[in-house]
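Chemist: Structure provided below as structure tokens; questions to follow.
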Amino acid sequence: MPVLLLLFLCAKERGDYGVLRGKVDRFKREDNFDTPHLQIRVVDGNTKAWRVLVNVLSKDQSFLVFHHIDPLQSRPLLAGLPNVRTGFTELPFASRSTSTALDYFRAPLFDWLTGVAVPHAGPGVNDDLQDTLTMYLRQLQTQNGEIFAFGSKFPEPGQAPNPRPIDHEFNTVQGVHDIHMNQGNPSGSFAKDNGVFQDGGLILMLPSRFVGLFLRFQTQWLPTDNTTGNRLPTAQPIRREVHRRLRFHLQGLHLSQTQLYISSVH
């Protein structure tokens, strides 16, 4: 049995994972220090409104690590995006692959060494994470592009809506969250979010190019287990000195360079 298929069959599934396709209507910054988010109102092709919330500061007050790839190109995931239907598309685990879902570790779309820990707010212009994110969102609006938000839908199946003040402002009752890496969390309250092929992120489709915006927490370590997404005993913070070790771990899976798309590992 192919190794990649075996990983899918054995892995822990999160049933609310998928991708939202739509157009950015407006957005709102949160500059406080109480788990702030960049709130984005997205309207799909059926005029349904969604709230996409992007973490911009960790609960422990540490900066998120930000990878932005402009242009994002030569990846199998991009070929299928124009065919994704408008609105939210659930991605059952059996349908997830390098062509449909995100996994920062097993199918990275960026060079790990390009990640930068960025403050969520700053006193000036273009000096913080939300400044960069909103710059790209304005480009998307100006050029009539579309956003693809990979993450988990809320409310979850069977869960009653729990509107927040921002939902009244945005006139939304549903949305997508966990727009960040979802594996390698330590034991504790966030360990339940660990998994494989269920990472979150934003991909922007502009007329002339794609842009990738990806976030991870500094408390998320690699490598991770291929079944659970939990840290392996050898896991460490993602720094330059462990970068080569990750390469050898991935090679141990016997996945080809084409399957993994690790063009950035040196």
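Chemist: For region 120-143, which residues satisfy the criterion of being surrounded by 15 or more Cβ atoms within 10 Å (Cβ to Cβ) and in a loop (DSSP other than H, G, I, E, B)?
Modeler: Scanning region 120-143 gives 120, 121, 128.
Chemist: Inspect all residues belonging to region 96-106 and state whether any of them is aromatic (Phe, Trp, Tyr), on the phi < 0 side of the Ramachandran plot and outside any loop (DSSP other than H, G, I, E, B). Give the derivation first.
Modeler: Of region 96-106, the ones aromatic (Phe, Trp, Tyr) are 104-105.
Adding the requirement that they be on the phi < 0 side of the Ramachandran plot leaves 104-105.
With the extra rule that they be outside any loop (DSSP other than H, G, I, E, B), the set shrinks to none.
No - not one qualifying residue is present in region 96-106.
Chemist: Kindly indicate whether any position in region 65-79 is of a type in the set (A, V, I, L, M), assigned to a loop (DSSP other than H, G, I, E, B) and more than 16 Å from residue 211 (Cα to Cα).
Modeler: no
Chemist: Tell me yes or no: at least one residue of region 32-49 is touching a residue at least 40 places away in the same chain (Cβ under 8 Å) and aromatic (Phe, Trp, Tyr).
Modeler: Scanning region 32-49 turns up no residue that is touching a residue at least 40 places away in the same chain (Cβ under 8 Å) and aromatic (Phe, Trp, Tyr).
Chemist: Another one. The conditions are (1) within 29 Å of residue 28 (Cα to Cα); (2) out of contact with any Gly (no Cβ under 6 Å at 6 or more places or on another chain), and residue 102 fails exactly one of them. Which is it?
Modeler: Going through the list (1) within 29 Å of residue 28 (Cα to Cα); (2) out of contact with any Gly (no Cβ under 6 Å at 6 or more places or on another chain), residue 102 breaks only (2).
For (1) in contact with a Pro (Cβ under 9 Å, 6 or more places away or on another chain); (2) on the phi < 0 side of the Ramachandran plot; (3) free of Cβ contacts under 8 Å to residues at least 60 places away in the same chain, each residue gets a yes or a no:
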| site | (1), (2), (3) |
| --- | --- |
| 149 | no, yes, no |
| 157 | no, yes, no |
| 162 | yes, yes, yes |
| 173 | yes, yes, yes |
| 180 | no, yes, no |
| 190 | no, yes, yes |
| 198 | no, yes, no |
| 204 | no, yes, no |
| 216 | no, yes, no |
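Chemist: Anything in region 1-52 that is among the basic types (Lys, Arg) and at pLDDT 95 or above? List them, or say none.
Modeler: Step one: filter region 1-52 for residues among the basic types (Lys, Arg), giving 12, 14, 21, 23, 26, 28-29, 41, 48, 51.
Correct list: 21, 23, 26, 28, 29, 41, 48, 51.
Chemist: Being farther than 18 Å from residue 205 by Cβ, modelled with pLDDT under 95 and either over 16 Å from the mean Cα position of the chain (by Cα) or of a type outside the set (S, T, N, Q) (or both): is that true of residue 94 here?
Modeler: yes
Chemist: Please go through region 152-203 and pick out each residue that is of a type in the set (A, V, I, L, M, F, W, C), part of a loop (DSSP other than H, G, I, E, B) and over 17 Å from residue 37 (Cβ atoms).
Modeler: Selection gives 160, 173, 196, 197.
The values are calculated or read from the model by the stated rules, or taken from the named source; none is laboratory data. Only a predicted model underlies this, so the values are computations on that prediction, with no experimental measurement involved. Note: ideal-geometry Cβ built from the backbone for every residue, glycine included; neighbour counts use all protein chains shown.
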